[in-house]
Amino acid sequence: MCECCGRPFPAGVTVAAVAGVAAAGATASADTARPLCRLCCDGYYAFDRARSYGLYIDALHHAILLLKYEEVTRLGDRFAARLAELVAREGETLRAAVVVPVPLHPDRQRERGYNQAELIARPLARRLHLKQGACLLVRTKPRPARRVLTRKKHWDSVRGAYATRKGLRVDKLRVLLLDDVLTTGATLDSCARALKRAGAAIMGLTVARVVPGWSPTGPQHPTQQETEAGRRNQQGATSILRG
Ligand SMILES: [Zn+2]
């Protein structure tokens, strides 16, 4: 798994083959270097770190759709409970002062009546004894009328779509940026860019993550190494629906 964005490495790829070195000029060593994916080696993402509870498949996929479109709001607290455990396990690396949900555009929020990320962020902040910072970030650009299918168009559609309040300064504020699903990382990246301009450090946190090669209805090309971390969490995912 990439130490920075949390992306599982493809099957058969050794840590040595993908190892990046945090400090410029340092000598690469599989023992000492942080394993980073190619994108994180290139400094592609604006967030400092990202972690997800499980894969966007099976029961977890179903549960997220229930929260997002069917208003099964009690799932927000169940997801928050799992994410609180994840944050505790990660320790210092996910230490934060405030939880900020990825905002919806005001038109979209009016239409849906609620923001699913906020339904997770509020109980998560309560469980972690952190502040809830929904007011720190707004979506200024509406999402495209038609669903964006290509990766590039998706990146274009969220680039510059988020902003902080004018003149906001939150120097060195450590933010847990919360969303339901990490797909390409474009949304977290765009939010992180806005918050970073105000001085914050950003740790992305999502309930689920899309891993290429898997579909919402099940694995297409399952490989154990690729999804090892996700699988571990997935075993507990069905209890979200039951519990
Ligand atoms: Zn990475």
I'd like to check something: does the stretch 165-182 contain any residue that is touching a Cys at 6+ places or on another chain (Cβ under 7 Å) and not in a strand (DSSP E or B)? no
Could we say that Ala208 is part of a helix (DSSP H, G or I), aliphatic (A, V, I, L, M), closer than 24 Å to Glu71 by Cα and touching a residue at least 60 places away in the same chain (Cβ under 8 Å) here? no
Residues that are within 14 Å of the ligand (Cβ to nearest atom), closer than 21 Å to Ala192 by Cα, at pLDDT 95 or above and under 19 Å from the mean Cα position of the chain (by Cα): does the stretch 52-70 have at least one? yes
Can you run down the residue pairs with Cβ atoms below 8 Å, 6 or more apart or on separate chains, where the first is in the stretch 1-16 and among the acidic types (Asp, Glu) and within 13 Å of the ligand (Cβ to nearest atom) and the partner is modelled with pLDDT of 80 or more and part of a loop (DSSP other than H, G, I, E, B)? Glu3/Leu36
Set Val138, Val98: member being among the β-branched types (Val, Ile, Thr) and either more than 21 Å from Ala192 (Cα to Cα) or in contact (Cβ under 8 Å) with a residue 60 or more places away in the chain (or both): Val98
Matching residues, the stretch 122-142, being part of a loop (DSSP other than H, G, I, E, B) and closer than 25 Å to Ala80 by Cβ: His129, Leu130, Gly133
I'd like the residue in the stretch 199-229 that is under 23 Å from Asn115 (Cα atoms) and at pLDDT below 95 and, out of all such residues, is nearest to the chain's Cα centre (by Cα). Val210
Could you list, in sequence order, all residues of the stretch 191-210 that are buried (at least 21 other Cβ atoms within 10 Å of the Cβ) and of a type outside the set (Val, Ile, Thr)? Cys191, Ala192, Ala194, Leu195, Ala200, Met203, Gly204, Leu205, Ala208, Arg209
So which residues in the stretch 86-102 are surrounded by 14 or more Cβ atoms within 10 Å (Cβ to Cβ) and either more than 13 Å from the chain's Cα centre (by Cα) or in a helix (DSSP H, G or I) (or both), if there are any at all? Leu86, Val87, Glu90, Leu94, Arg95, Ala96, Ala97, Val98
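The values are calculated or read from the model by the stated rules, or taken from the named source; none is laboratory data. It should be emphasised that the depicted structure is a prediction, and the values quoted were computed from it without experimental measurement. Quick reminder, even Gly has a Cβ in these numbers, built from the backbone with ideal geometry, and neighbours come from all protein chains shown.
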